[in-house]
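Novice: Quick one: structure below, then a few questions.
The values are calculated or read from the model by the stated rules, or taken from the named source; none is laboratory data. For clarity, every value in this text was computed on a predicted model and none was experimentally measured. Note that each Cβ is placed from the backbone with ideal geometry, even for glycine, and that neighbours are counted across all protein chains shown. Heavy atoms of the whole protein, side chains included, go into the accessibility calculation; ligands, DNA and RNA do not. Shrake-Rupley method; radii C 1.70, N 1.55, O 1.52, S 1.80 Å.
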Amino acid sequence: GAVVSQHPSRVICKSGTSVKIECRSLDFQATTMFWYRQFPKKSLMLMATSNEGSKATYEQGVEKDKFLINHASLTLSTLTVTSAHPEDSSFYICSAPGPQTSYEQYFGPGTRLTVT
Amino acid sequence: RKEVEQDPGPFNVPEGATVAFNCTYSNSASQSFFWYRQDCRKEPKLLMSVYSSGNEDGRFTAQLNRASQYISLLIRDSKLSDSATYLCAVSRSNDYKLSFGAGTTVTVRA
């Protein structure tokens, strides 16, 4: 099946700093990728849709200036959490529609962010 | 009202038992339905898509009830390895965005 990777898998940063998370489709091209956030024992919440060659579209309530998304190529999307605060600590997961069936999404392994 | 709702459980069942649970969705325009499995601190992995006619994959059976707007998952002959959180997800046909439920936790005991 299609493979999506994320880097880093875990990051600890200080409050006020910025953190960049990379999402790569390893064996297929993805013009669209999705970024989710999951708090403990909660559902995955869609944050934004990353579009190759155009601006990301953000879900209601997600600050676009805080969560910067860049879809630099057909295999790479990055999420930068700017001026991170402890409440941004969460599990961030990206996904990409599969190459065979767009309805089937493949998830990266996730990035666990802890802001101290 | 949340777009997708699930009974959080937990469902604690012995090995070999059958366990079933539902997921309701509020948007009647939803077109695609999925069950994902998520292990602790891991990403979701697709378990199965849910088709209108219902579908079966080994010990797992999924059903869709459009009239009542819910999907179900049934696990037969439970194994210890089935212990996980099961997430249902729905999407509209035009944007592939997935809306997830909060998950149903299943624990299979020896």
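Novice: Can you work out ³J(HN,Hα) from phi for every residue in region A:81-92, in order, using Karplus 6.51 cos²θ - 1.76 cosθ + 1.60 and θ = phi - 60°, giving whole Hz and x for Gly and Pro?
Specialist: Computed from phi, the couplings for region A:81-92 are 8, 8, 6, 5, 10, x, 5, 7, 4, 5, 9, 9 Hz.
Novice: Rounded to the nearest 0.05, what FRET efficiency is calculated for A:Val3 and A:Thr80 with R0 set to 25 Å and r the Cβ-Cβ distance?
Specialist: Step by step, r from the Cβ atoms, then E = 0.60.
Novice: Bin all alpha-carbon pair distances of the protein assembly as shown at 5 Å intervals from 0 and give each bin's fraction as a whole percent.
Specialist: Cα pair-distance distribution for the protein assembly as shown, in percent: 1, 7, 14, 18, 19, 16, 12, 8, 4, 1, 0.
Novice: Taking the Cα centroid of region B:1-51 and of region A:38-112, what is the distance between the two, rounded to the nearest whole Å?
Specialist: 22 Å
Novice: Something else about it: Leaving ligands and nucleic acids out of the surface, order B:Lys45, A:Lys41, A:Lys55, A:Lys14 by accessible area at 1.4 Å, largest first.
Specialist: Sorted by accessible area, descending: A:Lys41, A:Lys55, A:Lys14, B:Lys45.
Novice: Given Cα pairs under 8 Å that are at least 6 residues apart, what percent is the relative contact order of chain A?
Specialist: RCO, chain A: 36 percent.
Novice: Roughly how many nanometres apart are two label points built 7 Å out from the Cα toward the Cβ at B:Thr107 and B:Ser68?
Specialist: Here the modelled spin labels are 2.8 nm apart.
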